[in-house]
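Below: the structure, in structure tokens.
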Amino acid sequence: MRNVLTPDSKSVLLRFSEAAPVYDCHAKHHRLIANDLLNILKNLNPDKLIELGCGTGILSSGLTELFPDASKNFTDGAPGMVSACRNKIPPTQKISHTLLDFEELKSTSRYDLAVSSCALQWLKNPEQFVQELHSLLNPGGTTVHAIPVRGMLGELENSFNETESRWDSLNYKSGDDWDCIFRKAGFHVGSSFTRSFRVQYKSPIDALRAVRGIGASLSGHTGASTILPGMLRKAFSHYSSEYGDNSGAVPATYKIHFITASGDKT
């Protein structure tokens, strides 16, 4: 049974800070998503860019290679993530790192490009955030995002639902919902599409560990439920029987919406 939770900012930032040392070990899907984002960005030529939710620097590394001459500000609300990104990509005249909770997005600086990967799903008030994005962009600026959407980790959620086991989940929006949010905020949506990334794990428990290993656990959030061992066993048994192969390996599908928008109001 799906238990839909509203993200709690403090819990989100704490979980991601704690996960920073092991994040990269569990982030195979993030590398795949970052590659697609970089492919979208390759025809841009920003002088100044900001990444919102840099994590340990997976996308940041690609941005550094793609835009070597641009001024880059890598930001995150989790101190552990900012430190990890700084260690991976040391500051230079062109590179800075900022602790920024973009739930309360305020900035005196303006950028030609604002980008994020797998961050906006954690927003408590996405409509307000998207409106505030205008204050970050120079005239003619571009914003590009990869956002987890409805259908995310469908195999895992299905297995809990089918066995009537309680499962905490975010209230993921659809890709169309996100397009609508950007348009209502006055952005011109140049392109958008949804893509599924399928990653194989050795077992259902490894799929769940990947979620928890990157800090995406909802434990500690208001209203979070306790998953009892019996529930886990039933859900994992269903996961294996419905989706597993002969070796016990199972897929996990990460459903991601990519959106490119111009800050010029229509």
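Can you find a residue in the range 141-153 that is within 24 Å of TYR243 (Cβ to Cβ), surrounded by 15 or more Cβ atoms within 10 Å (Cβ to Cβ) and of a type in the set (Val, Ile, Thr)? Checked against the condition, which is being within 24 Å of TYR243 (Cβ to Cβ), surrounded by 15 or more Cβ atoms within 10 Å (Cβ to Cβ) and of a type in the set (Val, Ile, Thr), the range 141-153 yields at least one hit. The residue pairs whose first member lies in the range 93-117 and is farther than 18 Å from ASP47 by Cα, whose second member is surrounded by fewer than 18 Cβ atoms within 10 Å (Cβ to Cβ), and whose beta carbons are closer than 7 Å, counting only pairs six or more residues apart or on different chains, are LEU99/PRO79; ASP101/SER9; GLU103/SER9; GLU103/LYS124; LEU105/GLU132. Would you be able to say whether some residue in the range 23-34 is more than 22 Å from VAL199 (Cβ to Cβ) and either surrounded by 16 or more Cβ atoms within 10 Å (Cβ to Cβ) or within 14 Å of the chain's Cα centre (by Cα) (or both)? No: the range 23-34 contains no residue that is more than 22 Å from VAL199 (Cβ to Cβ) and either surrounded by 16 or more Cβ atoms within 10 Å (Cβ to Cβ) or within 14 Å of the chain's Cα centre (by Cα) (or both). A Cβ distance below 7 Å, combined with a sequence gap of six or more or placement on separate chains, defines the contacts here; from the range 118-134, residues that are buried (at least 18 other Cβ atoms within 10 Å of the Cβ) reach residues that are at pLDDT below 95 and among the hydroxyl-bearing types (Ser, Thr, Tyr) in the pairs GLN121/TYR172.
Quick check: is even one residue across the range 8-18 of a type in the set (Phe, Trp, Tyr) and more than 13 Å from the chain's Cα centre (by Cα)? The answer is no; no qualifying residue exists. Confirm whether LEU49 is surrounded by 22 or more Cβ atoms within 10 Å (Cβ to Cβ), of a type outside the set (Gly, Ala, Ser), under 12 Å from LEU113 (Cα atoms) and modelled with pLDDT of 95 or more. Judged against the criteria, LEU49 is a match.
For the range 133-156, a residue qualifies if it is farther than 18 Å from LEU44 by Cβ and either hydrophobic (A, V, I, L, M, F, W, C) or at pLDDT 90 or above (or both), and the qualifying residues are ILE147, PRO148, VAL149, ARG150, GLY151, MET152, LEU153, GLY154, GLU155, LEU156.
Among residues of the range 35-50 being touching a residue at least 60 places away in the same chain (Cβ under 8 Å) and outside any strand (DSSP E or B), the one that is farthest from the chain's Cα centre (by Cα) is ASP47. Evaluate the range 200-215: report whether one residue or more is under 30 Å from GLU18 (Cβ atoms), among the polar types (S, T, N, Q) and within 17 Å of the chain's Cα centre (by Cα). No, the range 200-215 contains no residue that is under 30 Å from GLU18 (Cβ atoms), among the polar types (S, T, N, Q) and within 17 Å of the chain's Cα centre (by Cα). Highlighted here are the helices (runs of 4 or more DSSP H) found entirely within the range 120-230 that include at least 1 residues which are of a type in the set (Gly, Ala, Ser), in contact with a Ser or Thr (Cβ under 9 Å, 6 or more places away or on another chain) and farther than 21 Å from LEU14 by Cα: 154-162, 175-184. Considering each residue of the range 61-74 in turn, at least one proves to be over 27 Å from GLU155 (Cα atoms), of a type in the set (Val, Ile, Thr) and surrounded by fewer than 22 Cβ atoms within 10 Å (Cβ to Cβ).
Considering only the range 80-102, state which residues are among the charged types (D, E, K, R) and within 14 Å of ALA20 (Cβ to Cβ). Of everything in the range 80-102, those that are among the charged types (D, E, K, R) and within 14 Å of ALA20 (Cβ to Cβ) turn out to be ARG86, LYS88.
The values are calculated or read from the model by the stated rules, or taken from the named source; none is laboratory data. As the structure is a prediction and not an experimental result, all values here were calculated from the model. No Cβ is skipped: glycine too gets one built from the backbone with ideal geometry, and neighbour counts run over all protein chains shown.
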